[in-house]
């Protein structure tokens with residue numbers, strides 16, 4: 001996916017594509033870590049709630065980054081397992097099936113209105129949080145609670 005995405009982007013801007021560049025990005029992903037406040041916030045949340053990660057990652061790339069979250073994950077569900085990338089409904093429907101739950105049972109937290117919160121809204125997930133890190137435009141019509149840092153969420157939930 002990274003190779004195709006970078007190739008298409010470079011073509012769009014009439015720039016040369018080198019597979020070695022996209023390979024360098026793919027190789028770097030497992031070394032990336034979370035935002036600084038994320039591990040402590042997730043640890044607090046995990047003390048009261050089962051945490052589930054629904055990611056657009058492949059199975060072979062996700063676990064090194066999950067380890068860097070430093071919090072217990074109840075489940076890690078990947079696009080590879082779901083056979084669909086978000087924002088496709090299929091990814092979320094896979095999550096519901098794997099967790100044996102309904103949209104009302106979920107608090108969905110995301111930094112992406114486009115890839116997560118739009119679909120969560122369309123599928124009837126009523127409890128949503130947007131972590132606004134300034135990378136995507138807000139879309140108030142999705143009815144989420146907005147925070148700027150994940151560390152703001154535990155106090156909102158009384159933790």
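The values are calculated or read from the model by the stated rules, or taken from the named source; none is laboratory data. What you are looking at is a predicted structure, and each value in this text was computed from that prediction instead of being measured. Cβ coordinates were reconstructed from backbone atoms using ideal geometry, including for glycine residues, and neighbour counts include every protein chain displayed.
Considering the range 31-42 alone, what residues qualify as being assigned to a helix (DSSP H, G or I) and surrounded by fewer than 16 Cβ atoms within 10 Å (Cβ to Cβ)?
31, 40
Run residue 6 past the list (1) farther than 30 Å from residue 96 by Cβ; (2) in contact with a helix residue (DSSP H, G or I) (Cβ under 7 Å, 6 or more places away or on another chain); (3) at pLDDT 95 or above and report the number of the one that doesn't hold.
Of everything listed in (1) farther than 30 Å from residue 96 by Cβ; (2) in contact with a helix residue (DSSP H, G or I) (Cβ under 7 Å, 6 or more places away or on another chain); (3) at pLDDT 95 or above, residue 6 misses just condition (3).
Return only the number of the condition from (1) closer than 28 Å to residue 93 by Cβ; (2) over 19 Å from the mean Cα position of the chain (by Cα); (3) surrounded by 13 or more Cβ atoms within 10 Å (Cβ to Cβ) that residue 21 does not satisfy.
Tallying (1) closer than 28 Å to residue 93 by Cβ; (2) over 19 Å from the mean Cα position of the chain (by Cα); (3) surrounded by 13 or more Cβ atoms within 10 Å (Cβ to Cβ), residue 21 fails exactly one: (1).
Using the structure shown, decide if residue 14 is exposed (fewer than 12 other Cβ atoms within 10 Å of the Cβ), over 14 Å from the mean Cα position of the chain (by Cα) and at pLDDT below 95.
no
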